[in-house]
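Let me begin by presenting the structure, written as structure tokens, before commenting on it.
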Amino acid sequence: AKAGHYAVGQFNINNLEWTKSVLLTAEELRSPVILGVSEGAGKYMTGFGTVAAMVKAMHDELGITVPVALHLDHGTYEGCYKCIKAGFTSIMFDGSHYPIDENVEKTKELVSVAHAMGMSIEAEVGSIGGECADPEECKRVADLGVDMLAAGIGNIHGKYPANWKGLSFETLDSIQKLTGQMPLVLHGGTGIPEDMIKKAISLGVAKINVNTECQLSFADATRKYIEAGKDLEGKGFDPRKLLAPGAEAIKATVKEKMELFGSVGKAE
Ligand code: 13P
């Protein structure tokens, strides 16, 4: 993605419907895709082992041929080891809340373990809460040999407040200059205007995370179905019918993002 000047989307999954919608859309659009699993979502789905088994089986049953990564999102140190054991293909170690020396030390250890297992690893510097990371600290972590780096550039998770100042392209630019060819990760993809997404990609972002936007699309479509009384008509209460509009809405959001990120047709 980095060499091709586009970004691969990470779409967080919450259940079977989510996973199916994301995988089918990636296949239809011939786009590589990353399925993100937070520690909370992993727990909700009864554990990382359940998630890995479901994703692997669904991938095979659906005959998915585009590249798919199963990636831990904002992992703790312990969570990373659980996902390595469970059969994930990629992890994110989020040590951004530790003092930088401790973040470096733990990231370094996990880089060697993940790479020995043939997995990729994302690290984080500077939290995703609207602040900007220190480019020198980013260089220290990038130099550990991580495969991708998430750095705060004014981005936040969830909806952006009306008074949000926007992404700091100055920070992004200096981080990329210091880290060379390191693929950078843009968290908080929900609600970032299209022009900012495109500029971020042009400055070195090669992975963009989207979670809330799929949740909002799903909730909105489900609300419309129920408010229209469709669940009360015939067998409209059947979960296969009740959850269908939400699942279609997720597909539409994922499609829109893949087109914006430029990953459509990039699967080999
Ligand atoms: P959003 O929920 O804002 O899309 O952020 C997703 C994310 O960054 C997951 O790590």
Task: Filter result for the condition that a residue is open to solvent by less than 10 Å² (accessible area, probe 1.4 Å) and either in a strand (DSSP E or B) or without any contact (Cβ under 8 Å) to a residue 12 or more places away in the chain (or both), over 250, 208, 175, 197 - done: 208
Open item on the list: Can you find a residue that is open to solvent by less than 60 Å² (accessible area, probe 1.4 Å) and in a helix (DSSP H, G or I) anywhere in the stretch 64-76?
Closed with: no
Open item on the list: Suppose we filter the stretch 125-134 for residues that are closer than 18 Å to residue 105 by Cα and either outside any loop (DSSP other than H, G, I, E, B) or away from the ligand (no atom under 16 Å from the Cβ) (or both); how many remain?
Closed with: 2
Task: Top-ranked residue of the stretch 97-124 - restricted to ones that are within 16 Å of the ligand (Cβ to nearest atom) and closer than 16 Å to residue 143 by Cα, ranked as surrounded by the fewest Cβ atoms within 10 Å (Cβ to Cβ) - done: 120
TODO: Sort through 21, 31 and tell me the only one that's assigned to a loop (DSSP other than H, G, I, E, B) and among the hydroxyl-bearing types (Ser, Thr, Tyr).
DONE: 31
Open item on the list: Which numbered condition in (1) under 22 Å from residue 154 (Cβ atoms); (2) within 16 Å of the ligand (Cβ to nearest atom) is the only one that residue 198 fails?
Closed with: (2)
TODO: Tell me which of these residue 192 doesn't satisfy, since it passes every other one: (1) within 16 Å of the ligand (Cβ to nearest atom); (2) open to solvent by less than 50 Å² (accessible area, probe 1.4 Å); (3) touching a residue at least 40 places away in the same chain (Cβ under 8 Å).
DONE: (3)
Open item on the list: If I filter the stretch 211-238 down to residues being within 15 Å of the ligand (Cβ to nearest atom) and among the hydrophobic types (A, V, I, L, M, F, W, C), which single residue comes out as most open to solvent (accessible area, probe 1.4 Å)?
Closed with: 216
- [ ] May I ask you to say which residue of 98, 44 is without any contact (Cβ under 8 Å) to a residue 12 or more places away in the chain and not small (Gly, Ala, Ser)?
- [x] 98
Open item on the list: Within the stretch 239-248, does at least one residue satisfy the condition of being of a type outside the set (Gly, Ala, Ser), within 12 Å of the ligand (Cβ to nearest atom) and modelled with pLDDT of 95 or more?
Closed with: no
Task: Residue count for the stretch 49-85, restricted to those that are within 16 Å of the ligand (Cβ to nearest atom) and either touching a Lys or Arg at 6+ places or on another chain (Cβ under 6 Å) or of a type in the set (D, E, K, R) (or both) - done: 1
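The values are calculated or read from the model by the stated rules, or taken from the named source; none is laboratory data. No experiment lies behind these values; they were computed from the predicted model shown. When we count neighbours, we look across all protein chains shown, and the Cβ atoms used for this are built from the backbone with ideal geometry, even at glycine. Just the protein is used for accessible areas: all its heavy atoms, side chains included, with ligands, DNA and RNA removed. Shrake-Rupley method; radii C 1.70, N 1.55, O 1.52, S 1.80 Å.
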